[in-house]
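Okay, structure first, notes after.
The values are calculated or read from the model by the stated rules, or taken from the named source; none is laboratory data. Bear in mind that the values here come from a model prediction, so they are computed numbers and not experimental data. Note: ideal-geometry Cβ built from the backbone for every residue, glycine included; neighbour counts use all protein chains shown. Protein only, heavy atoms only, side chains kept; ligands, DNA and RNA dropped before computing areas. Shrake-Rupley method; radii C 1.70, N 1.55, O 1.52, S 1.80 Å.
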Amino acid sequence: MILIGQYDSPFARRVGITLVLYGIPFQHRPWSTFGDADKIRPYNPLTRVPTLVLDDGEVLIDSHLILDYLDSLVPADQAMFPRTEPSRHRALKVAALATGMADKAVSLFYEQRLHTEMSGMWADRCRVQIVGVLDVLEKDRAAQTGEFWFGDRIGHADIAVATALRFLNDAHPGLVDMAGFPALAWHAAKLEVLPVFKTIAQEFVAPA
Ligand SMILES: N[C@@H](CCC(=O)N[C@@H](CS)C(=O)NCC(=O)O)C(=O)O
């Protein structure tokens, strides 16, 4: 498999972390969605990352759908989204909130950097959405007693939250005071010291 995308993308990073945790061998192409768009386009006309090229040449896009595929490659009890309800929809919801928040952080960054005139209305909307998600996730995490969000084993929800927070704070330093979200700050710090999080990581590089 070939994973396309820089690890400063929270979406590419969650896929890279999952590949390592599942022990699935892969090659990494740290291509930029802007600087390397011409390289990405033959695989993905959206020129977005993550893009995963399978060994048979099939191409998967969108981190959630890629993780869905990777989960199908491991035994059910190892899959990082639970296969049974209600655990499955609870984990999916946390992951969706986290990746949705990351989407808004990306959108806010593009608004601030790529438009000649920034829309204050759009930027404010993104900020409200980001903080709204953090409020909900903070309450949820604070109510959980396990080492990880849903018990004693790491899952996609844990990874989604940590990678989204890292992106948010790298791309928008000072936008959010993590002291106001102690459970989330603790959660992210605990994951970021794990070897796989240290290996599958990259300093944020602004699109150029
Ligand atoms: N929903 C997608 C979001 C992927 C995404 O937004 N990736 C960004 C990089 S962080 C990207 O490719 N941006 C370039 C673009 O949207 O044109 C996923 O989960 O994979």
About the Cα centre of segment 69-208, how large is the charge dipole given +1 on each Lys and Arg Cβ and -1 on each Asp and Glu Cβ? Please answer in debye to the nearest 20.
160 debye
To the nearest Å², the heavy-atom accessible area per residue of segment 2-78 with 1.4 Å probe amounts to 48 Å²
Enumerate the calculated ³J(HN,Hα) couplings along segment 12-25 in order (Karplus 6.51 cos²θ - 1.76 cosθ + 1.60, θ = phi - 60°), each rounded to whole Hz, writing x wherever the residue is Gly or Pro.
5, 5, 5, 6, x, 4, 5, 4, 5, 4, 7, x, 8, x
Would you list which lysines come within 22 Å of Lys139, measuring only between C-alpha atoms, while excluding same-chain residues fewer than 8 positions from it?
Lys93, Lys104, Lys190
Would you work out which of Ser32, Ile130, Ala96 lies farthest towards the positive end of the dipole of segment 3-156? Charges go on Cβ: Lys and Arg +1, Asp and Glu -1.
Ile130
Which of the peptides 114-127, 174-187 is most tightly packed, and how do the rest follow, going by the mean number of other Cβ atoms within 10 Å of each residue?
174-187, 114-127
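Do any trypsin sites (Lys or Arg not before Pro) in segment 11-93 lie in a loop, going by DSSP, with at most 16 other beta-carbon atoms within 10 Å of their beta carbon, and if so which?
Numbers: sites: Arg13, Arg14, Lys39, Arg48, Arg83, Arg88, Arg90, Lys93; in loops: Arg48, Arg83.
Passing sites in segment 11-93 are Arg83.
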Per-residue ellipticity at 222 nm attributable to helices in the chain (runs of n ≥ 4 DSSP H, -39500 (n - 2.57) apiece, nearest 500 deg cm²/dmol) works out to -17000 deg cm²/dmol
Rounded to the nearest whole Å², what accessible area per residue is found for segment 96-196 with the 1.4 Å probe?
48 Å²
When the charge dipole of the chain is computed with +1 at the Cβ of Lys and Arg and -1 at the Cβ of Asp and Glu, the Cα pointing farthest to the positive end, of Thr18, Ser107, Ala79, is that of Ser107
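For Cα pairs less than 8 Å apart in space and 6+ apart in sequence, what is the mean separation divided by the residue count of the chain, i.e. the relative contact order in percent? Could you put the intermediate results ahead of the total?
Values: 265 pairs, mean separation 51.3, N = 208.
25 percent.
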Taking amide H atoms as placed 1.01 Å from N in the peptide plane, list the residues 5 or more away in sequence, or in a different chain, whose amide H sits under 5 Å from that of Gly151.
Gly146
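On the accessible surface of segment 19-122, probed at 1.4 Å, how many percent belong to carbon and sulfur atoms? Write down the numbers at each step before the final one.
Working: 3220 of 6040 Å².
Whole-percent figure for carbon plus sulfur exposure: 53.
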The simple spin-label model distance between Leu54 and His28, using points 7 Å out along Cα→Cβ, in nm, is 2.4 nm
